[in-house]
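Read the figures in this text as sums done on the coordinates, not as results from a lab. None of these values were measured; they are calculated from a predicted model. Positions of Cβ are backbone-derived with ideal geometry, glycine not excepted, and every protein chain shown enters the neighbour counts.
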Amino acid sequence: MSNDTELRVKAAVAEQLGMNVEDINNDASFMEDLNGDKNLFNDDTDANNVPNFLDGDDDGDRVLTINEMTRQTYTVNKANGDTEPVLAEGEYVRSREVTGGILTIKTLKVADANGDGVPDHLQKSVTTDYSK
């Protein structure tokens, strides 16, 4: 993938998830490349001809993908010796902001409400909306 294409892909993924491009790790396929082939265009969970990374509702269950993930906010005061959190597996930085010396980190975490090992945003039968 060319650098220009990779940047455009990262921007599209970031926009879908409400993230800043700089918060996405170096592998733009970190979450949407279900088959691990580094081709985001052939991953379409709900078979609606829109690849997951461009589809606001990956599984077609009428709950936005971003709302099928849990949110966490961490507050870090480095002046007090606080350290940044170690993110859980499947947890990704959504934004980082420093105000008055306090670092606020907002994350999204892939959820699995029924414990079957398949993320909620990839199962049409799971419609848990964590935004409420």
What percent of all Cα-Cα pairs in the stretch 22-132 falls in each 5 Å bin, counting up from 0?
-> 2, 12, 18, 21, 18, 13, 7, 5, 3, 1, 0
For the stretch 121-132, in residue order, the Karplus 3J(HN,Hα) values (coefficients 6.51, -1.76, 1.60; θ = phi - 60°; whole Hz; Gly and Pro = x) are 6, 10, 10, 4, 6, 10, 10, 5, 10, 7, 7, 8
In nanometres, what is the gap between the two model label sites at ASP82 and ASN48, each 7 Å from Cα along Cα-to-Cβ?
-> 3.8
Going fewest to most other Cβ atoms within 10 Å around each Cβ, LYS38, LYS106, LYS132 line up as LYS132, LYS38, LYS106
At most 16 other Cβ atoms within 10 Å and a DSSP loop assignment: could you name the GluC sites (Glu not before Pro) in the stretch 45-132 that fit?
-> GLU89
So, counting K/R as plus one and D/E as minus one, what does the shell of residues with Cβ under 11 Å around GLN72 add up to?
-> +3
Would you pull out the residues with amide H under 5 Å of ARG94's amide H, same chain only if 5 or more places away, H placed 1.01 Å from N?
-> LYS106, THR107, LEU108
